[in-house]
Amino acid sequence: MSTRLQTGGRLIDRTTAQEFTFNGKRFKGFAGDTLASGLLANDQMLMGRSFKYHRPRGVVASGAEEPNALFNMGEDGRFEPNARATTTELFDGLTAGSQNHFPSLEFDIGAINAKLSRFLPAGFYYKMFIHPRPFWKYVYEPFIRQSAGLGKAPKARDDDHYEHFYHHCDVAIVGGGIAGLRAALIAGQAGLRVLVLEQTAHWGGRGPVDGATVGGQPAADWVDATVADLSAMENVVMRTRTMGAGVYDHGYLLGYERVADHTPGDGRPRHRLWRVRTKQIVTATGAIERPLAFAGNDIPGVMLASAVRDYVVNYAVSPGDRTVVVTNNDDAYRTALAIKDAGLDVPAIIDARPEGGGALMAQAIEAGIRVETGKGIAKVKGGKRVTGVGICAQAGEGAVLETIPCDVVAMSGGWSPVVHLWSHCGGKLFWDDAAAMFRPDASKPPLGSDGAGFVTVVGSADGHLHTTDILANTADAMGALVKTLGAKPGKLPALSGEDMPEAPLAPVWMMPQGASYALRSKAWLDYQNDVKVSDVQLAAQEGFESVEHAKRYTTLGMATDQGKLSNINGLAILSQSLNSDIPSVGTTTFRPPYHPISMSSLAGEATRDLFQPIRKTPMHDWHDANGADWEPVGAWRRPYAFPRGHETVEDAVHREVLNTRERLGLLDASTLGKLIVKGPDAGKFLDMLYTNMMSTLKPGRCRYGLMCNENGFLVDDGVVARLDDDTFLCHTTSGGADSIHAHMEEWLQTEWWDWKVWVVNATEQYAQVAVVGPNARKVLEKIGGMNVSKEALPFMGWADGELGGIACRAYRISFSGELSYEIAVPANRGLEFWEMLVDAGQEFGVMPYGTEALHIMRAEKGFIMIGDETDGTVIPQDLGLHWAISKKKEDFLGKRAQQRSFMDNPDRWQLVGLETVDGSVLGDGMLAVADGSNENGQRNTQGRVTSTYHSPTLGRGIAMGLVKDGPDRMGEMLDFMKLDGLTVKAKIVDPVFFDPEGEKQNV
Amino acid sequence: MSEPYVSVARLDGIAMITVRADLADKAVVKAVKTSTGMTVPATASALMDGDSGLGWMSPDELLVVCPETERAATVDGLTANLSKSHALVVDVSDARAVFELKGAAVRDVLAKLVPTDTHTDALPQNALRRTRFGQVAGAFWFQDATTVRIVCFRSVADYMHRMLDQSTAAGSEVFAT
């Protein structure tokens, strides 16, 4: 059984006990434990079920590379699936549950898949589920969806909040082990702005566990002293619990800080995403130990040798009384010695190398440990727990020579440098045959915008596994880096370690090397996705020779651990199967993030009410209090209508239209764009931007104008007022204010930079209220101030003045066909002005109206709407707006384009009004059918609906549409196709349905 | 709920005027000096004295800040003094919202929302930056070493206020004090 040792544990605090719950059972751990060490301390070796075969699985590793120990963490608003036990810090009250089993972790029906594993080889799903084709959608897909995924999806809204943090520095160092800290010290002493990130809660990395010595000091002491030195430097920022997640172009680095994962509910942001811009990135990300591929290497109790050492030394947890160590290198001997030191038994060290190891082996033998060289594990015995190993000759086929009873197998297949961050942006690797590892190729780094490398690798991430080499390599690399950055190196005495001479490692990709099919089909490469040696061999045999193809076919490395343990072993097996060497097979692509990060950290603050900024007019709160039914218009919210009591929105719209036509309506038009254009060349500039002539407009007058892009298509419209000789105010559509402002600036800055014109976007300076209806003048006269009579302020005129004591500018413009004023007041007084009109208007039947009433009234008048009648392919000529296109002007934006043959073409569909015979409302976008069909067998069409409404004024449906030869076909009937396949008849009519003479607006 | 670690306040009574003109033009610089008594600040910087000051917004845009009570006179003065230059003076006081952040960690709060480098080396106390806060446009400058003023469009003031409140909430300090 696994249990807590009486003494030791460098990371735990025995004075602070912490209770936690696993699958409903209550366990006890200590502060400083991870969930994995806490579970092991309570004899919970069985931690989950594998994805495909539902095999019982225990923890294999002690860090971010862990493939098996994944849990449903927390509850309700703090529930999260696939949490790694090895990277989850224990806290009091933690709740975890195992995943992927039914009905229980101990007895899982899905384990039947393991018995059927002969029939579920690699590619099984691809081969099985393709025939018969219709089965995929209705049978297979729902079935697979049911069994897909390990953890449960969260159902409750996330209780936590998240944030981003932008950080800029000269050097960002990822990894806080000996190499990372030493690199930070070198960069820090050179006066550079330095950031150091460490993914765990502790500085120092593996050095202290492995008993390293730095400059004559035990590693732990050196780490403490160095951290203290660094903390005292103002130019160095240090961060634990922060993983370097990804390296991107232009020195961009993402850091993932787990601020409050271990203190849930304390009000702090749960995660903080560091968005780092740095001149240089240093990865000191260390190395990950590789498993060995032998039969039964996934049985709970089989662990990485380094992980066993971590649990014993860091957490004082014994994974079991008797540990067999199996290795192809010297490092695993450290585990055997650590176990012995803790008073536990090591029945044997199985060393695949015929000659065995160096000084460490001598120490082990001296400590009385039996060492078997040239041997391997044929097979691990046990089901939910290791009970023993059968050992064999490594050179043979797996005949068991002897069975050794044990509880734990500590395996080591060598070390793989963590090259992920180096590779994210294109850093290349080379294969080091002697060390059997891919290492960063310093001559091919990821390149920045200046063509020079911007990532440097130090320490074991660069393939240096001994302290002396690590320190020398770090000093060299950082010295060069400091120089590159133009800084002056500080004075630091050189440091070295004290390393034992080690015998060379022997590459062992399969154990034993001639393992039979039966053994190979129980030798796991990818634990999480259940990929075995036999699966990769099958993939090679079936022609999946590219490593990327083999990966997808077998799913090797495609689980949430992204193959940290499996990739190198998998591609070694693949290369052997292809009779090729490892470098020519190559690796799969390393992509960020290094380890899964929360989606919420990416969203940062942009959740809930901060998901998206909502623009509010000065009267927004009044609208909200008065029942506005909101409509998004760009980032604005505008009232669509103001339903009253139990009224439907549709009824409210109709009431608002009729009330405005008969009495008095108020519209909040504040969102309209208001661009002030000034300068001696302003008239010339607007003549270029608008299709019609603006330079001839007289001060005090307004003119409606159209704006096209250089391709001739209509992009915006609005009323322009001339404020004085040099100054114009251009109204744009609500959605177009920012883009038209940018459009103006672009032309002024890039093309007509010598024209004397200034533009200021004054949209939000004013609240604008449309006062509309037969009683409009009465209410303005009642609140009093400026003269708003027909004579003083005629149609399409404007005047500055004061109304109700508020300075204003009044425009006599109408988008409804009614007597209408648009009054602009300073935004800070907008609400006051609006409320004044609501009060004063009571006797005149005032009602606010929303955007839908606005749309209906403009459609009744045949006024076009940008975005309805236009869709980016429509030119003003299509809309019968020839009157607004100047023929006198030499040029304007779009003029040339509109002269091209396909623009100046009578076949283009033209705007007309449409009236259904039965009075019904046509559907938006409905097509008018024509005879015959096109080459695709589709019915030919001759027109489409662009705007369609029920007109409360006329009591029937009205619509506008673009129809081939439309204006010449007045009175003709068209058939519009409905969704149900039937057609509805509509007559082509004039688009102006209401008051064609314009008498109502001009009173 | 404990106190935020940097205080957030929306300020009233601060007027803002946009001047579009060539800031390299000596006549423009002189007219600004005559109207406001202040010198046009250097690139990407501000010269602030309480509620009055000038901010460099671009080579051809100046932000003039003054108390609400001086708004009309300042607009009129600038308009008159710049009448002989090619210039546009627009009162934008109502179009903007002003927030003040106060606290030793004020730069850290900015760094949660603003992509620009907020380190003292890169952002001296006289700096003005036009940038973005979360998803909206904004500009900021320093009143003193621990006080920052932020301006944004009035339509997104609620969004800005909520975001600043969340970013200054007790417990969300980036660095221990």
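Restrict the check to region B:38-58 and report whether at least one residue is touching a residue at least 24 places away in the same chain (Cβ under 8 Å), within 12 Å of chain A (Cβ to nearest Cβ) and in a helix (DSSP H, G or I). No, region B:38-58 contains no residue that is touching a residue at least 24 places away in the same chain (Cβ under 8 Å), within 12 Å of chain A (Cβ to nearest Cβ) and in a helix (DSSP H, G or I).
Summed over region A:326-347, residues that are of a type outside the set (Gly, Ala, Ser) and either assigned to a loop (DSSP other than H, G, I, E, B) or within 18 Å of A:Ala395 (Cα to Cα) (or both) total 7.
Residues that are more than 14 Å from chain B (Cβ to nearest Cβ) and either free of Cβ contacts under 8 Å to residues at least 12 places away in the same chain or not in a strand (DSSP E or B) (or both) do not occur anywhere in region A:239-248. The single residue among A:Gly867, A:Gly862, A:Gly872 that is in a loop (DSSP other than H, G, I, E, B), under 30 Å from A:Ser695 (Cβ atoms) and more than 39 Å from the chain's Cα centre (by Cα) turns out to be A:Gly862.
Just so you know, in region B:124-142 the residues that are part of a strand (DSSP E or B) and in contact (Cβ under 8 Å) with a residue 60 or more places away in the chain include one that is farthest from B:Val106 (Cα to Cα), and it is B:Arg130. Residue count for region B:90-148 satisfying the condition of being over 27 Å from A:Lys616 (Cα atoms), under 12 Å from the mean Cα position of the chain (by Cα) and of a type outside the set (Val, Ile, Thr): 4. Filtered by the rule that a residue be within 24 Å of the chain's Cα centre (by Cα) and within 14 Å of chain B (Cβ to nearest Cβ), region A:277-318 gives A:Arg277, A:Thr278.
Against the list (1) in contact (Cβ under 8 Å) with a residue 40 or more places away in the chain; (2) farther than 15 Å from A:Gly586 by Cβ, the condition A:Ile573 fails is (2).
Can you name the residue in region A:797-829 that is among the charged types (D, E, K, R) and either under 17 Å from A:Ser734 (Cα atoms) or not in a strand (DSSP E or B) (or both) and is also nearest to the other protein chains (Cβ to nearest Cβ) among such residues? Among those residues, the one meeting the criterion is A:Arg829.
Please verify whether A:Ile875 is farther than 29 Å from A:His623 by Cα and crowded, with 17+ Cβ neighbours inside 10 Å, treating the condition exactly as stated. Answer is yes for this residue.
Per the listing A:Thr589, A:Thr617, the residue uniquely touching a residue at least 60 places away in the same chain (Cβ under 8 Å), assigned to a loop (DSSP other than H, G, I, E, B), among the β-branched types (Val, Ile, Thr) and within 14 Å of another protein chain (Cβ to nearest Cβ) is A:Thr617.
Kindly provide the set of residues from region A:548-600 that are within 24 Å of the chain's Cα centre (by Cα), more than 23 Å from A:Asn328 (Cβ to Cβ) and surrounded by 24 or more Cβ atoms within 10 Å (Cβ to Cβ), ordered by number. Selection gives A:Tyr594 alone. Of all residues assigned to region B:76-96, none qualifies as being out of contact with any Gly (no Cβ under 9 Å at 6 or more places or on another chain), at pLDDT 95 or above, more than 21 Å from A:Leu723 (Cβ to Cβ) and surrounded by fewer than 19 Cβ atoms within 10 Å (Cβ to Cβ). Tallying residues that are surrounded by fewer than 20 Cβ atoms within 10 Å (Cβ to Cβ) and either modelled with pLDDT under 95 or within 9 Å of chain B (Cβ to nearest Cβ) (or both) within region A:751-777 yields 1. Within region B:63-88, being within 12 Å of chain A (Cβ to nearest Cβ) and part of a strand (DSSP E or B) holds for B:Leu63, B:Leu88. Within the set B:Val92, B:Val114, the sole residue that is touching a residue at least 24 places away in the same chain (Cβ under 8 Å) and farther than 26 Å from B:Pro4 by Cβ turns out to be B:Val92. Residue count for region B:143-159 satisfying the condition of being in contact (Cβ under 8 Å) with a residue 12 or more places away in the chain, part of a helix (DSSP H, G or I) and either more than 9 Å from chain A (Cβ to nearest Cβ) or in contact with a helix residue (DSSP H, G or I) (Cβ under 9 Å, 6 or more places away or on another chain) (or both): 2. When B:Gly134 is tested against the conditions (1) at positive phi; (2) away from every other protein chain (no Cβ under 13 Å), the lone failure is (2). Screening B:Ala111 on (1) surrounded by fewer than 17 Cβ atoms within 10 Å (Cβ to Cβ); (2) within 7 Å of another protein chain (Cβ to nearest Cβ); (3) assigned to a helix (DSSP H, G or I) shows it passes everything except condition (1). Residue count for region A:399-414, restricted to those that are surrounded by fewer than 23 Cβ atoms within 10 Å (Cβ to Cβ) and not acidic (Asp, Glu): 6.
Looking only at residues that are more than 15 Å from the chain's Cα centre (by Cα) and outside any loop (DSSP other than H, G, I, E, B) in region A:254-276, which one is farthest from the other protein chains (Cβ to nearest Cβ)? Filtering region A:254-276 for residues that are more than 15 Å from the chain's Cα centre (by Cα) and outside any loop (DSSP other than H, G, I, E, B), the one farthest from the other protein chains (Cβ to nearest Cβ) comes out as A:Arg258.
Results for (1) farther than 17 Å from A:Ala930 by Cα; (2) buried (at least 19 other Cβ atoms within 10 Å of the Cβ); (3) touching a strand residue (DSSP E or B) at 6+ places or on another chain (Cβ under 9 Å), shown as yes or no for each residue.
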residue	(1), (2), (3)
A:Gln942	no, no, yes
A:Tyr949	yes, yes, yes
A:Gly955	yes, no, no
A:Ile958	yes, yes, yes
A:Val963	no, yes, yes
A:Arg969	no, no, yes
A:Lys978	no, no, yes
A:Gly981	no, no, no
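For region A:348-389, a residue qualifies if it is within 15 Å of A:Gln513 (Cα to Cα) and part of a strand (DSSP E or B), and the qualifying residues are A:Ile350, A:Asp351, A:Thr373, A:Lys375, A:Gly376, A:Ile377, A:Ala378, A:Lys379.
Among the residues making up region A:625-667, those that are in a loop (DSSP other than H, G, I, E, B) and within 14 Å of another protein chain (Cβ to nearest Cβ) are A:Gly634, A:Ala635.
When region A:371-422 is filtered for residues that are touching a helix residue (DSSP H, G or I) at 6+ places or on another chain (Cβ under 9 Å) and without any contact (Cβ under 8 Å) to a residue 40 or more places away in the chain, the ones remaining, listed by number, are A:Val371, A:Thr373.
The values are calculated or read from the model by the stated rules, or taken from the named source; none is laboratory data. Keep in mind that what you see is a predicted model, and the values were worked out from it rather than measured. Note that each Cβ is placed from the backbone with ideal geometry, even for glycine, and that neighbours are counted across all protein chains shown.
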